[in-house]
Every structure is written in C-alpha cells, then in structure tokens.
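Here the structure is laid out as structure tokens; the discussion comes afterwards.
The values are calculated or read from the model by the stated rules, or taken from the named source; none is laboratory data. Values in this document were obtained by computation on a predicted structure and should not be read as measured data. In this analysis, Cβ positions are derived from the backbone assuming ideal geometry, glycine residues included, and neighbour counts consider all displayed protein chains.
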Amino acid sequence: MAASGQSFTEFPLSTAGSSPFFIANGPDGALWFTENANRIGRITTAGAITEFSVPSLAGLAGSITAGPDGALWFIEQQQNRVGRITPAGVITEFTVPTPSSHPYGITVGPDGVLWFTERIGNKIGQITTAGAFTEFAVPTPSSQPLAIAAGPDGALWFTESAANEIGRITTAGAITEFSVPTASSQPAAIAAGPDGALWFTEGSSNKIGRVSTSGGISEFAVPTANSDPNFIAVGADGALWFSEYNGSKIGRLTVNGTITEFAIPTAFSHPGVIVAGPDSAMWFAESTGNKIGRLSVTAIPALSVQMLFLICVALAWVGLLKR
C-alpha cells in the first residue's frame, strides 16, 4: 500500500498549558492521554474531550496504557507512582518501592502484568493489577531505560537512552542488551512491528532503528534533518508511523525502509506519542500545541498506480489515432 492524500484534524484542550504528551487506546473506544497539568484526558473519535484531575500533584506526566483489568494505567514521574484510572474516572495510586526512581514507560506484558521502566532507578518494574511490585536491575549502570513494549517472542523490549542500547527482559526477569550501531543515538520509543521485529526511534542520530528478536539491528535515516524522531507505532496500513518532535511532522515508514513525512498544521507543536486509533487514523499528542491531533491517510494499492499509468498510455494512443 502506498500513502496518498492526508487529512489532519486538531482538537485544542480547554486547559491552557496542559502539555499533553502520552496517548493510548482505552477499553471504551476512546483515546486517553496524560497532561502535565495534573490531569488525565479522554477524547472520543468525534473529538469530545473530558478531563479528570489526579489526586496527588503528579508533576511530569508519564506513559499511559490500557490494562488487562478494563482500566488504564499511567505513570506519575515526579511523584514516583503508578496510577490506575477507570473509564468512569476513579483514580488509585501506587508508590514505586525504589525512591526517586522516576518511572517513565508502561505497557502490558504477555503475562497479563503491567511492566514499566524506572529511568533514574535503572530498573524494570512490574506491577500486578492488585498493586504488588517487583523490580529488576538493568545490568548497564545509569542506562536510563525509557520506553517498553511487549515483543513477538514473549519477552518485553525497552530502550536505554543513556547506554545507547536496546534491552530485552523475559517475564522471569532475565535481561539481555544489544548495542545500537550509531553512537550516542539516544534510543527513545519502541514498538513491535508488523514484521516480527521491534522498531525504535533514535532522537539524536535522527534515525529509525529495527531490531530482530535475535538482536540484529538496522537503521533508516529520517529525511528531515534534526527532526528528533520521538515515538513510534504500527498503523492500520501495516506501516510504522512516528512523531518528529523538532520537525513537527508525522512520518510513515514501510518495513522496506521507504519514508514519507506529513507536516502538522500547527507549527512547533512538538508531537509526542502516536497511536493507531479505533477509527484506523493515527492519533498523537501535541505537547506545545496543547492539542490532540488526528491524521487520516488514504492508502492506495500499488496496482492502482500501474493501472493509472496504463490508462494514460491508452488515452495517449487514442489521441494519436484520431489525428
């Protein structure tokens, strides 16, 4: 499938300076996002927004994901907590055992447990839906683990921004690390791809990386210089979609390495997390733009392009015959 026309829609948030950054699909058919304004937001695919205040002063908001229990789980970075919010807006908070661990990313593992990263604590944490914690130390000191995602191999994969590595942890806690070929690339986000590999962003090197489950890594340069590729997700079209924080663009990458970029209407919007919504469009948070964005891209089969060419040739011959 080849990307064709695109259509952006942006939904402003009523809370000024809320700086949304993380967004995820909810169990209720809506999208949920975290705000640095100490709130959790919910937006329907029609654009209706509801906001819920977090009981404690959350400070920097972190990742959010749909849990296995019908609720959403989110990170409170500065408060060193993991939060849970029901679709009705009821919030519960759990304190991470390691003080000042600065949790960051969170996802559901293949074991039905929530797994998260501890950026300053240099650990991978695990929390059950009942609130019980387990923590595993990352072998490389001060690696700054950031994003985490479930892989196709029954393990979880995470980025180590400061160590320039991609980590893999089994549900039993065994960790393996793989070095990114480009030095000081600062790997940030990671997602399971449609090809059985993991795909990740490299903010400093301006590349998108691919790591196989055996640890082989390949890299693809983003066309826009210094765009700072940020977060990445698989779209309904089977391509990888990523946000460009400095470039204020949304990028599309096929598994064979072809990249297309789309400029967000709001300049300097600094997009954060991107996700494929329940409506097959790509939804993303605009941290500086203070909006939630939606990008719908028309995809056309490559055969249609070929057919269009043949039709043009045929029409040209018809024109010649009439002369």
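Observations on the model:
- Selection from region 109-136 of residues that are exposed (fewer than 15 other Cβ atoms within 10 Å of the Cβ) and in a strand (DSSP E or B): 134
- Residue that is nearest to the chain's Cα centre (by Cα) [pool: residues in region 242-273 that are crowded, with 21+ Cβ neighbours inside 10 Å and among the hydrophobic types (A, V, I, L, M, F, W, C)]: 273
- Residue within region 65-81 that is assigned to a loop (DSSP other than H, G, I, E, B), under 21 Å from the mean Cα position of the chain (by Cα) and in contact (Cβ under 8 Å) with a residue 60 or more places away in the chain present: yes
- Of the residues examined, residue 222 is not one that is of a type in the set (A, V, I, L, M, F, W, C), modelled with pLDDT of 95 or more and under 12 Å from the mean Cα position of the chain (by Cα).
- Of the listed requirements (1) crowded, with 22+ Cβ neighbours inside 10 Å; (2) under 16 Å from the mean Cα position of the chain (by Cα); (3) within 18 Å of residue 92 (Cβ to Cβ), residue 54 misses just one: (2).
- Given (1) in contact (Cβ under 8 Å) with a residue 40 or more places away in the chain; (2) within 24 Å of residue 151 (Cα to Cα); (3) part of a strand (DSSP E or B), index of the condition residue 41 fails: (2)
- Among the criteria (1) surrounded by 19 or more Cβ atoms within 10 Å (Cβ to Cβ); (2) part of a loop (DSSP other than H, G, I, E, B), the one residue 139 does not fulfil is (1).
The rows are residues; the columns are (1) modelled with pLDDT under 95; (2) closer than 27 Å to residue 29 by Cα; (3) not hydroxyl-bearing (Ser, Thr, Tyr).
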| residue | (1), (2), (3) |
| --- | --- |
| 198 | no, yes, yes |
| 210 | no, no, yes |
| 216 | no, no, yes |
| 228 | no, no, yes |
| 239 | no, yes, yes |
| 251 | no, yes, yes |
| 259 | no, no, yes |
| 269 | no, yes, no |
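- When 172, 183 are screened for being of a type in the set (A, V, I, L, M), more than 14 Å from residue 160 (Cβ to Cβ) and part of a loop (DSSP other than H, G, I, E, B), only 172 passes.
- Filter pass, residue 82 being among the hydrophobic types (A, V, I, L, M, F, W, C), buried (at least 21 other Cβ atoms within 10 Å of the Cβ), touching a Pro at 6+ places or on another chain (Cβ under 6 Å) and on the phi < 0 side of the Ramachandran plot: no
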